[in-house]
1. Most exposed first by the Cβ proxy, i.e. fewest other Cβ within 10 Å, how do 107, 18, 59 rank?
2. Connecting C-alpha atoms closer than 10 Å in a GNM of the chain, tell me which of 106, 60, 130 has the biggest fluctuation.
3. Between residue 217 and residue 84, what length comes free when the chain is fully extended (0.36 nm per residue of separation minus the Cα-Cα distance, one decimal in nm)?
4. Compute the FRET efficiency between residue 153 and residue 100 as 1/(1 + (r/R0)^6), taking r as their Cβ-Cβ distance and R0 = 35 Å, and round to the nearest 0.05.
5. Could you estimate the translational diffusion coefficient of segment 29-70 from the Stokes-Einstein equation, with Rh from the Kirkwood formula over C-alpha pairs, at 10 °C and 1.306 mPa s, in whole µm²/s?
6. What FRET efficiency would be calculated for the residue pair residue 108, residue 171, taking the C-beta separation as r and a Förster radius of 22 Å, to the nearest 0.05?
7. Taking the Cα atoms of the chain, report the difference between the largest and smallest coordinate on each principal axis, in whole Å and largest first.
8. Anyone know which of 180, 156, 69 comes out most mobile in the 10 Å Cα GNM of the chain?
């Protein structure tokens with residue numbers, strides 16, 4: 001039963017992330033001519049994490065991101081069974097969130113200013129550059145999570161730090177790839193948007209997972225007591 005509760009929490013958290021944060025991007029737009037949209041969207045992603053961290057964090061740890069879950073798996077803070085359960089729940093939540101967005105923006109007069117439910121796009125059409133960008137952004141985000149959650153006494157501020165870190169990577173990443181750092185968040189909107197977003201979504205699944213693993217390995221080395 002406890003595992004089911006954790007998976008349900010991850011489903012809810014990822015649903016809220018996609019519906020609210022990607023929905024914000026759809027509403028305000030994130031094009032170069034609308035710079036304020038960058039900041040508003042970045043804040044939306046960060047604030048969702050803060051809200052979810054202090055609501056479901058005590059249930060599942062509030063990963064709501066396969067890149068975070070794989071880092072926890074590598075760090076031996078998550079079992080293989082729970083890792084698989086979290087991944088399924090996260091992807092299901094993201095698809096459900098994107099499904100609601102698709103319905104909302106199908107209403108007459110509603111305009112999705114991203115043109116793809118907030119899905120990600122390759123930087124200048126370059127696959128390698130996009131992979132590098134996403135690995136780096138995910139590394140920065142996940143290593144911040146590993147650091148702040150490494151001490152119990154940080155529990156009261158962990159949600160704020162993690163939300164701030166996600167806002168930070170979005171401030172630069174939105175103008176590059178739209179910022180994924182989260183395979184589930186990318187897959188849900190891409191699946192429902194289809195077309196080019198779906199054909200390129202593998203980049204935004206693979207790169208964040210690689211970034212999460214690298215962050216876990218690097219943090220383990222940095223935090224090691226041995227010289």
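A short reminder: the numbers here are calculations on the coordinates, not readings from a lab. Since the structure is predicted, the reported quantities are computational estimates derived from the model, not experimental observations. No Cβ is skipped: glycine too gets one built from the backbone with ideal geometry, and neighbour counts run over all protein chains shown.
1. Values: 107 7, 18 31, 59 16.
With the fewest neighbours first, 107, 18, 59 line up as 107, 59, 18.
2. Answer for the Gaussian network model of the chain: 106.
3. Gain on stretching residue 217 to residue 84: 45.9 nm.
4. Working: r = 38 Å, r/R0 = 1.09.
After rounding, the FRET efficiency stands at 0.40.
5. Values: Rh = 11.7 Å.
Stokes-Einstein gives a translational diffusion coefficient of 136 µm²/s.
6. According to the calculation, E is roughly 0.05.
7. Per principal axis, max minus min of the Cα coordinates gives 57, 39, 29 Å.
8. Looking only at 180, 156, 69, the biggest GNM fluctuation is shown by 156.
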